[in-house]
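The values are calculated or read from the model by the stated rules, or taken from the named source; none is laboratory data. All values derive from a computational prediction rather than experimental measurement. Every residue, glycine as well, gets a Cβ built from its backbone with ideal geometry; the counts of neighbours run over all protein chains shown.
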Amino acid sequence: MTQTPDTIFINDLVVPCIIGVFDEERTEKRNIIINIELSVDTRKAGKTDDINDTVSYADVTNAVAKMVATSQYKLLEKLAQEIATICLQGNQVEQVKVHIEKPKALKLAKSSAIEIIRYNAK
């Protein structure tokens, strides 16, 4: 029987960064909102209660926040890919879903956003 992986969520991570293709978007940092879903088999950690048997939420959050804060990508697509790459390091994460919102990016909308899904090529 194939086991469906569990999901670890990191919700509404707000990180200021330079993102955008237009000159006015590249002069100062603006907040983006990141949501991450990590597909992980957490059964062992559920039994052992040991952080070493799962993915550290803090480690993922800190690595993503550090990379995003220092990035200067033009496209949300590129930023989402780089976040996914960080999340898929190692073998514990089977799949990652990254959703990024850029508030007030469009005059007539609350935000623009992208969502990608990537798989670990173990």
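Scanning region 62-75 turns up at least one residue that is charged (D, E, K, R) and under 27 Å from R26 (Cβ atoms).
Taking the residues in region 83-106 that are without any contact (Cβ under 8 Å) to a residue 40 or more places away in the chain, aliphatic (A, V, I, L, M) and closer than 16 Å to K66 by Cβ as candidates, determine which candidate is surrounded by the fewest Cβ atoms within 10 Å (Cβ to Cβ). By that ranking, first place goes to I86. Applying the criterion of being crowded, with 17+ Cβ neighbours inside 10 Å and of a type outside the set (S, T, N, Q) to the residues of region 19-39, the residue that is farthest from the chain's Cα centre (by Cα) is G20. Evaluated against (1) aliphatic (A, V, I, L, M); (2) modelled with pLDDT under 95; (3) under 22 Å from the mean Cα position of the chain (by Cα), M1 falls short on exactly one condition, (3).
Can you find a residue in region 51-69 that is surrounded by 15 or more Cβ atoms within 10 Å (Cβ to Cβ), over 16 Å from the mean Cα position of the chain (by Cα) and of a type outside the set (S, T, N, Q)? Yes, there is a match, as at least one residue in region 51-69 is surrounded by 15 or more Cβ atoms within 10 Å (Cβ to Cβ), over 16 Å from the mean Cα position of the chain (by Cα) and of a type outside the set (S, T, N, Q).
If you check K29 against the conditions, is it in contact with a Cys (Cβ under 6 Å, 6 or more places away or on another chain) and farther than 22 Å from A121 by Cβ? Criteria met by K29.
Within region 1-24, restricting attention to residues that are out of contact with any strand residue (DSSP E or B) (no Cβ under 7 Å at 6 or more places or on another chain) and free of Cβ contacts under 8 Å to residues at least 24 places away in the same chain, the residue that is nearest to V93 (Cα to Cα) is T4. Suppose we keep only residues that are over 12 Å from the mean Cα position of the chain (by Cα) and not charged (D, E, K, R) within region 77-94. Which one would you say is nearest to A63 (Cα to Cα)? Among them, the one singled out is Q89.
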